[in-house]
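Working notes, structure below.
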Amino acid sequence: MRRLSLATLGSVPRDIAQPAFDIRTLPVGIVHLGIGAFHRAHMAAYSQDALALEKGSWGVCGVSLRSADIRDRLTPQDGLYTLVVRGRDAETLSIIGTVREVLFAPENPAHVLARIADPAIKIVSLTVTEKGYCHDPATGALREDDAGIVHDLQHAAAPKTAIGMLVRGLQARCQADAGPVTVLCCDNLPHNGRTVRGVVMRFAELVEADLASWIEANVAFPSTMVDRIVPATTAADREAVAKRLGLEDASPVVAEPFRQWVIEDRFAAGRPCWERVGAEFVADVGPYEDMKLRLLNGSHSAMAYLGYLASYEFIWQVIADKAFDGYVARLMEEASTTLALPAGVDVARYRRELIERFANPALGHRCRQIAMDGSQKLPQRLLGTIRDRLKRGASIDALGLAVAAWIRYVRGVDEKGAAYEVQDPLAARLRPLAVGYASEAVDRVLSVTEVFGNDLPGNGTFRATLVTWLEKLDREGAQQTVEFACASRVAETT
């Protein structure tokens, strides 16, 4: 079967949408670090829609930091790929053409640095996951003792981390007098623009004071909130796309119909007209960010750990269980009380819409995928909410169960005694801490201050809640524990 590419694009069936601009002449104006499925289903799709309405130099140079796989899949296709939008009852396909170049950073870091330093580049965006920022999740500060950061401070020409690559690229831009640029974080970090600015500025200060001053004067760091469920692409997805296209696509992406992008309108050198295709530009992203992190992402993590322990593979299977549905409703009720809602937002409706999105059986969003890197996700998804509830003297039962489930999960052994890999940068450290009697395991895990900070380990209510739930998980298993949590909510509301 022939491969999707510029040469074969003309044979794509007419019912599959194609870019409404000349792909071959689209200049690159964005460097994107971490060109995974989410970027290609979210920002790249927004940019394609914007370019259909308003021309501009907004092609993307995608940079893979860890694997050559995406480069090797997309380059023979001239950067083209299929976006599959999969709802409950319908599916649409479109060919995305905004990615014009894909680089594998470890192979030629100088090429990436030169791209960032190119005056034609106006935006450097990132989706490198929470752990990619080499920061302390509890404080947001750069981890100066991180092995990658230590390496990047010593090897200016060959950085390994996203932060090292970004700052060394900005350093090259400064030296080339290439003009201002915007750094646009699209990851689930609290106040992500401010957080990224903080780690970038600290790294720059460790390099040289003049670089930090240049960044201060020439680089904007707007905060964003991004939302779209994008499960990992499977072999079955690729086979289905090939059947529809009549062409092989080695790297399609699958996403839900819903998408949202809220952005602070602070750009240093221009941007696509994303507001014309659904993005919302606001003065303060914080309320949107908190709502999404605490309701969607917090619920997702809770379902991932408890659902996996209860032997569910997919999120839609978890939420289809009435006990889990009731538990998630209880967790959202606790989280909702901590929110300063954006004007005009109906939080009850938002919660109902989340449940509908979780329940979409067409999306194979695996619990194991969401469960990855929990040590980096808990602070913004659950622990901030818990802190706010504790300050008010309010119950943290549902939230506490989610954290206890994470502790149970990082042991790496399921309820039948089968071992599984825990994908987390702190996995080797956490696993021995989480085993044993619940009270002892909780105390050991709470000693990991880069996750829990210095305040939560000493909070008696927090500790007691975790011990109670972990004991119940060990004694009765995840399914019965969730059924109890759901029944407790019913009793509270009747």
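Bear in mind that the values in this text are calculations on the coordinates, not laboratory data. The model shown is predicted, which means the values in this text are computed figures rather than measured ones. Neighbour counts run over all protein chains shown; Cβ positions are idealised from the backbone, glycine included.
What FRET efficiency do you get for Asn454 and Arg88 if R0 is 51 Å and r is their Cβ-Cβ distance, rounded to the nearest 0.05?
Working: r = 46 Å, r/R0 = 0.89.
Calculated value: 0.65.
Lysine pairs, Cα distance under 20 Å, 8 or more residues apart or cross-chain: how many in the chain? It would help to have the intermediate numbers written out before the result.
Values: Lys55/Lys122; Lys131/Lys160; Lys131/Lys292; Lys131/Lys377; Lys292/Lys377; Lys322/Lys472; Lys416/Lys472.
For the chain, qualifying lysine pairs total 7.
Mind ordering 456-465, 344-353 by average Cβ neighbours within 10 Å, highest first? Show your work: numbers first, answer last.
Values: 456-465: 16.2, 344-353: 12.6.
Highest to lowest by the protection proxy: 456-465, 344-353.
Could you let me know the centre-to-centre spacing of the range 390-447 and the range 101-175, using Cα atoms, in angstrom?
32 Å
Would you mind ranking Glu101, Glu356 by Cβ crowding within 10 Å, fewest neighbours first? Write out the running numbers ahead of the final one.
Working: Glu101 18, Glu356 12.
Least crowded to most crowded, the residues run Glu356, Glu101.
What Kirkwood hydrodynamic radius, in Å, does the range 209-340 give when the mean of 1/r is taken over all pairs of distinct Cα atoms and then inverted? List each step's numbers first, then the result.
Details: mean 1/r = 0.0544 Å⁻¹.
The Cα-based Kirkwood calculation yields 18.4 Å.
Output the direction-averaged projected area (hull surface divided by four) of the convex hull of the alpha-carbon atoms of the chain, in nm². Numbers along the way, then the final one.
Working: hull surface 91.8 nm².
Projected area, direction-averaged: 23.0 nm².
Nearest 5 is fine: what % of DSSP beta bridges in the chain come out antiparallel, could you say? Show your work: numbers first, answer last.
Numbers: 13 of 41 bridges.
Close to 30 percent.
Whole number please: convex hull volume per residue of the Cα set in the range 286-493, in Å³? Don't jump to the answer; show the numbers that get you there.
Details: hull volume 24.2 nm³, N = 208.
Taking only Cα atoms, the range 286-493 has a hull volume of 116 Å³ per residue.
Calculate I(q)/I(0) for the range 1-154 by the Debye formula, one identical point scatterer on each C-alpha and no solvent, and give its log10 at q = 0.10, 0.11, 0.12, 0.16 Å⁻¹ to two decimals.
Log10 I(q)/I(0), no solvent term: -0.41, -0.49, -0.58, -0.95.
If neighbour count is taken as other Cβ atoms inside 10 Å, put Trp469, Trp274 in order from fewest to most. Intermediate results must be reported in sequence, preceding the final value.
Details: Trp469 25, Trp274 18.
Lowest count first: Trp274, Trp469.
I'd like to know how the range 341-396 sits against the 2.2 N^0.38 Å rule of thumb: what's its Cα Rg over that expected value?
Working: Rg = 14.8 Å, N = 56, 2.2 N^0.38 = 10.2 Å.
Computed over Cα atoms of the range 341-396, the ratio equals 1.46.
Could you give the spread of the C-alpha atoms of the range 9-282 along their three principal axes, from largest to smallest, in whole angstroms?
Between the extreme Cα coordinates on each principal axis of the range 9-282 lie 56, 36, 34 Å.
When Thr338, Thr139 are ordered from fewest to most other Cβ atoms inside 10 Å of their Cβ, what list results? List each step's numbers first, then the result.
Numbers: Thr338 19, Thr139 15.
Ordered from fewest to most neighbouring Cβ atoms within 10 Å, Thr338, Thr139 come out as Thr139, Thr338.
In terms of modelled amide H atoms, which long-range or inter-chain residues lie less than 5 Å from the amide H of Phe281?
Hits under the 5 Å cutoff: Ile263.
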